[in-house]
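The values are calculated or read from the model by the stated rules, or taken from the named source; none is laboratory data. In this text, all values refer to a predicted model and were calculated from it rather than measured experimentally. Heads up, the Cβs are rebuilt from the backbone with ideal geometry, glycines too, and the neighbour counts pull from every protein chain shown. Note: areas computed on protein heavy atoms with side chains; ligands, DNA, RNA excluded. Shrake-Rupley method; radii C 1.70, N 1.55, O 1.52, S 1.80 Å.
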Amino acid sequence: MTAQILTVYRKEMRDMTRDKRALVAILSYVLGVPLMFAFLFFLMSDERGDDVKSTVAIHGMAQAPGLVAYLEREGYSIVDASDEETAVPEQIPGNADAFLILGADYNASIKQGRQAEAVLYVDETSRVSTDRGRDIRSAILSYGNHIAGMRVVSRGVPVGLLSPISLSLADISKTSFINKVMGNMLMLIFALAPFVVGLSVALDALAGEREKQSLATLMAQPISGMSLTVGKWAMVATFGLVGTVATATLNLVTITLLPPDLLPFALKVSATGIIVAGLQVLTLCMFVASLQMAVSIHAKSFKEGQTYMSMMMIVPVFVGYSKIYGESKLPEFVNYLPIFSDMESLSSIFFDGVVNVQVTISAMLAGLAGTLLCLMLTSKRLSSEHMIADS
């Protein structure tokens, strides 16, 4: 039986490596995904980098030496915009991140202990400009609180009366929200790789041969249905594994080569994690290949098989996006289901640097169980008289 499986496997591998359609499917996904993610991270990044200071353009700068000194100590770059009009600007002058207009009596109001008027113009067109504008606003309000504290102290009033609570903020989450979302998106790309890469070869292996009426001839040979099924399945799993490993490798290498300011997350990869991730990817590719074989065996033509495969692809995509955007609302047990467990385990390995043993074992066992079930169903269908008649 082993010799029959190897014979079928070698025959299928030889045929599929000559199929340009299968090779294009692999290369388009393997090479296209890293480029897509690099471009996505570029759009999310601050093109000027973290080392570039936020800039504040100030109208009436001479009236506020204290404010200017405070902002400079906080790391902001100041631009004198006293020559600019005080009307609502169409754009922030001097390529600054915010435009602060101080009232004509700003200096006198500060000295006399009155409320000084000022207007801050920001441009919230992009995420970066929004964040910088809000940071500048917070810094100006912080300076105002500093002045208020000095005023009450000079009048003999304890600062505690003005600010009775001193609050410190500490984040105890293991992974930030943006880390979790972007990490799950990347893991979804890895989980979808065997589905995309193996789709064409899985259809050719069964639906394509049924359409060309070559499957009946192959079944007439002295070979069992299980050997034929396993041989073809091994070929599909090989394509899926090679494509998934190549996709993961290129993505991880691309991430490590990108400047840190382009990334909303950081990788924490260990040698043990790589080994465990490799075993998990292997079981995932085995399961996906068997599932695609089970779908392909029910199609009488390549075109009909594409319809079935398209409907099947909705399931992992739906599962993946449910985990990305609705993880907090999902019950705990879903993390032990196929695709869910794969994404959770791989995310933990690559972004937390920790192997979640329970979830990882669950993912592998689910993959192996699903593989055996789908192979038995495919073999039973392939050996049926109805299949022979239709072929």
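General remarks:
- Residue selected from region 201-226 under the condition open to solvent by 10 Å² or more (accessible area, probe 1.4 Å) and of a type in the set (Gly, Ala, Ser), by the criterion nearest to residue 285 (Cα to Cα): 225
- Qualifying residues in region 39-81 (those that are at negative phi, assigned to a loop (DSSP other than H, G, I, E, B) and modelled with pLDDT under 85) - the one surrounded by the fewest Cβ atoms within 10 Å (Cβ to Cβ): 51
- Of all residues in region 75-87, none satisfies being in contact (Cβ under 8 Å) with a residue 40 or more places away in the chain, in contact with a helix residue (DSSP H, G or I) (Cβ under 6 Å, 6 or more places away or on another chain) and under 17 Å from residue 134 (Cα atoms).
- Residue list for region 294-331, restricted to those being open to solvent by 80 Å² or more (accessible area, probe 1.4 Å) and not basic (Lys, Arg): 298, 306, 311, 314, 315, 318, 321, 325, 328
- Residues in region 135-170 that are among the β-branched types (Val, Ile, Thr), surrounded by 13 or more Cβ atoms within 10 Å (Cβ to Cβ) and farther than 19 Å from residue 106 by Cα were compared, and the one that is modelled with the highest pLDDT is 152.
- If only residues of region 1-19 that are open to solvent by 40 Å² or more (accessible area, probe 1.4 Å) and closer than 13 Å to residue 218 by Cβ are counted, the one that is farthest from the chain's Cα centre (by Cα) is 4.
- Applying the criterion of at least 2 residues that are of a type outside the set (Gly, Ala, Ser) and modelled with pLDDT of 85 or more to the helices (runs of 4 or more DSSP H) found wholly in region 289-391 leaves 302-326, 340-347, 357-382.
- Applying the condition of being within 18 Å of residue 71 (Cβ to Cβ) and crowded, with 16+ Cβ neighbours inside 10 Å to region 122-134 and asking which residue is farthest from the chain's Cα centre (by Cα) yields 122.
- When residue 289 is tested against (1) buried (at least 17 other Cβ atoms within 10 Å of the Cβ); (2) within 16 Å of the chain's Cα centre (by Cα), just one condition goes unmet, and that condition is (2).
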